[in-house]
């Protein structure tokens, strides 16, 4: 897949900052909201940005390594949670409804045939990846297909007028995949990238560390932040889930279309790390929504220079952090558009 993502032209930055600074408030008084307003204005190249037709995409996929014991939950929970999403009963459904976000569930590679369903996008590459402890999770062709299908979903949204898209995921075992990807694309020691995921106890965490060390040794890929595109795609194919690869493709196409990206926590962060290593300019299109309790997320944020909007101790996934951060982004754009200036309100500025 070839993507062309350019850093937003900063020629508009001075005019945006002037507009922000002359609202009826002390300089910098709205803190992070001011930086968000500037970022969105630059992405959209306008003094009056809009957040039309916001969507949240939840990508679901199964992992062959889940059956080896890298998670506290059985693999069947993936398809069961997809059913929960489609029934409207999960946390992400509640938060999306509460905050006016359209929600789509994408079957990227779940080991279950759902058939045609309202709210479900069937983009299945295969019914789950292979066990990366023994062999590569996916072939190069499967990896390319997942990237391409994710890109097609994002382009369809862009064509329909969507200007902001959030990302979430579901896949038992995907914190393990995210740990391996983070280690190999940042150079952070593997042990520092591995957390408890869905709630492993101490023996379970020790087993997860041992299994992931075996997977890394089998693949024999370098762990470095300086790898080229071939290295990034090799890491993704060796360890990634279809949901992670498909998210990466969707992120790249969304940024290429000038959309604002709401980046959730650790697993979504792994997909974004892949995208950023392929196209570094994508970082300027991202809003890092929350700080995950998973230790590997800190390595991702450090590598990407990301500062999350909220830190609530979340570790659920599903895009819940993106949905909860969304009203903050809306507020940032609303103040830029609606708040009076000193001149328009007849309020005296600081002497």
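Values in this text are rule-based calculations from the coordinates and carry no lab data. Keep in mind it's a predicted model, so treat the numbers as computed, not measured. For neighbour counting, all protein chains shown are included, and Cβ atoms are generated from backbone atoms with ideal geometry for every residue, glycine included.
Panel order for 347, 82, by other beta carbons found within 10 Å of each beta carbon, from fewest to most: 347, 82.
Put in order of Cβ neighbour count within 10 Å, fewest first, the listed residues 179, 292, 348 become 348, 292, 179. Highest mean first, the peptides 65-71, 340-346 sorted by other C-beta atoms within 10 Å per residue fall in the order 65-71, 340-346. For the stretch 129-270, the Cα gyration tensor yields ellipsoid semi-axes of 27, 16, 13 Å (square root of five times each eigenvalue, largest first, whole Å). Is the shape of the stretch 1-147 best called rounded, prolate or oblate, per the rule: a/c under 1.5 gives rounded, else a/b larger than b/c gives prolate, else oblate, with a ≥ b ≥ c the square roots of the Cα gyration tensor eigenvalues? Prolate.
Between helix 174-186 and the chain there is an angle of about 70 degrees, using the helix long axis and the longest principal axis of the Cα atoms. Between residue 230 and residue 159, the FRET efficiency estimated from the beta carbon spacing at R0 = 22 angstrom works out to 0.10.
By the count of other C-beta atoms within 10 Å, a proxy for reagent exposure, 208, 350 are ordered fewest to most as 350, 208. A straight line joining the Cα centroids of the stretch 109-172 and the stretch 232-284 runs 12 Å. On the principal axes of its alpha carbon atoms, the chain extends 69, 42, 40 Å, with the longest extent given first. For the stretch 114-156, the C-alpha radius of gyration sits at 1.37 times the compact-globule guess of 2.2 N^0.38 Å, with N the residue count. Of the peptides 6-14, 121-129, 43-51, 166-174, the ranking by mean beta-carbon count within 10 Å, highest at the top, reads 166-174, 121-129, 43-51, 6-14.
Entry note, the chain: the mean residue ellipticity at 222 nm calculated from DSSP H runs of n ≥ 4, each adding -39500 (n - 2.57), is -15000 deg cm²/dmol after division by the residues and rounding to the nearest 500.
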